[in-house]
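Student: Here it is, the structure in full.
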Amino acid sequence: MNEKRTLVYPYDVEFTPILRHPEMLPDYNIVALVSPQSWGFNGRDASGADGGDKLGINVSNDFEGLLPCCDTVMFSESDHKLDFEGNILPKVVIAAEQGKDLVFLSDLEDENIEALEEICLKYKVKLKFFSNMGDRFFNRDSDYYKLQKINTPVVFVTGVHEKTHKFEIQLSLRAAFINAGYRVSQVGTRNYCEMLGFHSFPQIMYNSCWSERTKILAFNHYIKDMENNEKPDIIIIGIPGGVMRLSENFAGRFGITAFEISQAVSADAVVLSTFYEEYLPEYFNNLFTSMKYKLDFDITCFNLANVKFDWDVARETGSESYLLMDSSFIDKKKAGYKTLNTPVFNVLNKEDGTNIANCLIDTLSYYGEVDLV
């Protein structure tokens, strides 16, 4: 299959994990990245979005100028929100006029989807969506009465909050396990994981019409069906949201999703990612204990993200705010936690990406739960 030469718009940190794992995107060759001028990425290496190692591709703000180098335009999810009518739709028209196929990873309203379909029909270009696909294999109709036992080792990837590089960890583990010879089934925290070869998290888990009991039982059966159909050696489950509220004003979903998933499926190994702070070692020990009794799992290893929650700005504006540090800074800081029983890694360090996977494999092998194919 020929790779589609692809321009990504609008580019920011939400897309960076995919750039770091291009082997998971075999149908698309990313040749251009475009962001609005005001986002501050223009002319910089794409790694400026996440503070990790250089990626070797610069970001531009010249959407029209770069269209000739591609045959597909991928409209990505982004951390910086853009107005569909004022920003996205005009670029769709420009791209379609030049015969470029379109791919959408972001959620869209029905009327926006209809507008896109009309444009693509007019200019005879292809339109593809990779959004909210996780519900396709989620059985809404069966009656659930009890939990099914999952016999395959399960790995959770979770975090204290969003913006802690959970998706980077998920992709890094997937690559490492597959390279080690394992058959991997996976549920990821993005809506477009099917594009990368695995399952998106079922959005129906957020459906207020379902009771929490029903969600827990349904997700359990969803994973059991996956186990029966795919016969994996390892199941990786990325858990959306955080495991706790940050404060009274920044509560997120109170760790509700993490609780539901931990009740639906027992984890055999867990990676928990946390913001950067000047933590004492006791912080990680206390977090280990908290998760053991709150969510009934033992943390296998921690990831220290190069993202700091900016409490001063958050209190002043009432909105979440973050500071980004260079990955090498985290490498120096994590060295202070070497004496902990539970290791602390930095997934943006490529060596640590492998180390996290090895740590999980060692844990699972110790308990005799997984063997190499």
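Student: Taking the conditions exactly as written (within 25 Å of Glu230 (Cβ to Cβ) and either over 15 Å from the mean Cα position of the chain (by Cα) or modelled with pLDDT under 95 (or both)), does Lys149 satisfy them or not?
Tutor: Working: within 25 Å of Glu230 (Cβ to Cβ): yes; either over 15 Å from the mean Cα position of the chain (by Cα) or modelled with pLDDT under 95 (or both): yes.
In short, yes.
Student: Kindly provide the set of residues from the range 1-43 that are assigned to a strand (DSSP E or B), of a type outside the set (D, E, K, R) and surrounded by fewer than 17 Cβ atoms within 10 Å (Cβ to Cβ), ordered by number.
Tutor: Going residue by residue through the range 1-43, those that are assigned to a strand (DSSP E or B) are 4-9, 28-34.
Among the residues that remain, those that are also of a type outside the set (D, E, K, R) are: 6-9, 28-34.
Within the range 1-43, Asn29 is the sole residue that qualifies.
Student: Kindly indicate the residue of the range 186-228 that is in contact with a Ser or Thr (Cβ under 9 Å, 6 or more places away or on another chain) and polar (S, T, N, Q) and also surrounded by the most Cβ atoms within 10 Å (Cβ to Cβ) among those meeting that condition.
Tutor: Once the filter is applied, the top-ranked residue is Ser200.
Student: Would the range 67-77 turn up any residue that is outside any helix (DSSP H, G or I), under 28 Å from His165 (Cβ atoms), of a type in the set (A, V, I, L, M) and out of contact with any Pro (no Cβ under 8 Å at 6 or more places or on another chain)?
Tutor: yes
Each row is one residue, and each column tells you yes or no for (1) modelled with pLDDT of 90 or more; (2) aromatic (Phe, Trp, Tyr); (3) on the phi > 0 side of the Ramachandran plot.
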position	(1), (2), (3)
Arg136	no, no, no
Arg140	no, no, no
Tyr145	no, yes, no
Ile169	yes, no, no
Ala175	yes, no, no
Asn179	yes, no, no
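Student: A further question on this structure: Just to be sure before I move on: is Glu248 surrounded by fewer than 18 Cβ atoms within 10 Å (Cβ to Cβ), among the acidic types (Asp, Glu) and part of a loop (DSSP other than H, G, I, E, B) in the structure I sent?
Tutor: Working: surrounded by fewer than 18 Cβ atoms within 10 Å (Cβ to Cβ): yes; among the acidic types (Asp, Glu): yes; part of a loop (DSSP other than H, G, I, E, B): yes.
Yes; evaluated as a whole, the condition is true for this residue.
Student: Which count do you get for residues in the range 1-41 that are touching a residue at least 40 places away in the same chain (Cβ under 8 Å) and in contact with a Gly (Cβ under 8 Å, 6 or more places away or on another chain)?
Tutor: Qualifying residue count for the region: 3.
Student: Given (1) exposed (fewer than 13 other Cβ atoms within 10 Å of the Cβ); (2) assigned to a helix (DSSP H, G or I), identify the lone condition not met by Leu89.
Tutor: (1)
Student: For the range 278-295, what are the residues that are open to solvent by 50 Å² or more (accessible area, probe 1.4 Å) and part of a loop (DSSP other than H, G, I, E, B)?
Tutor: Listed by number, the residues that qualify are Glu278, Leu280.
Student: Residues being assigned to a loop (DSSP other than H, G, I, E, B), in contact with a Gly (Cβ under 7 Å, 6 or more places away or on another chain) and either open to solvent by less than 20 Å² (accessible area, probe 1.4 Å) or touching a residue at least 12 places away in the same chain (Cβ under 8 Å) (or both): count how many of those fall in the range 229-245. Can you show your working first?
Tutor: First, the residues of the range 229-245 that are assigned to a loop (DSSP other than H, G, I, E, B): 231-233, 239-245.
Now restrict to residues that are in contact with a Gly (Cβ under 7 Å, 6 or more places away or on another chain): 241-245.
If we keep only those that are either open to solvent by less than 20 Å² (accessible area, probe 1.4 Å) or touching a residue at least 12 places away in the same chain (Cβ under 8 Å) (or both) too, we end up with 241-244.
Adding up the residues that qualify gives 4.
Student: Another question, if that's okay. Looking at the range 300-373, what strands (runs of 3 or more DSSP E) fall wholly within it and have at least 1 residues that are open to solvent by 60 Å² or more (accessible area, probe 1.4 Å) and without any contact (Cβ under 8 Å) to a residue 40 or more places away in the chain? So that I can check it myself, show each step before the final result.
Tutor: Details: elements: 301-304, 307-309, 322-324.
Of the strands (runs of 3 or more DSSP E) lying wholly inside the range 300-373, those with at least 1 residues that are open to solvent by 60 Å² or more (accessible area, probe 1.4 Å) and without any contact (Cβ under 8 Å) to a residue 40 or more places away in the chain span 322-324.
Student: Additional query: Please go through the range 109-122 and give me each residue that is open to solvent by 40 Å² or more (accessible area, probe 1.4 Å) and either under 29 Å from Ile18 (Cα atoms) or part of a loop (DSSP other than H, G, I, E, B) (or both), ordered by number. First the steps, then the outcome.
Tutor: The first filter runs over the range 109-122 and keeps only residues open to solvent by 40 Å² or more (accessible area, probe 1.4 Å), leaving 109-111, 113-114, 117-118, 121-122.
Within the range 109-122, Glu109, Asp110, Glu111, Ile113, Glu114, Glu117 qualify.
The values are calculated or read from the model by the stated rules, or taken from the named source; none is laboratory data. Here the structure is a predicted model, which is why all the values come from computation and not from measurement. We place every Cβ from the backbone using ideal geometry, glycine too, and count neighbours over all the protein chains shown. Side chains are part of the model used for accessible areas, which takes the heavy atoms of the whole protein and leaves out ligands, DNA and RNA. Shrake-Rupley method; radii C 1.70, N 1.55, O 1.52, S 1.80 Å.
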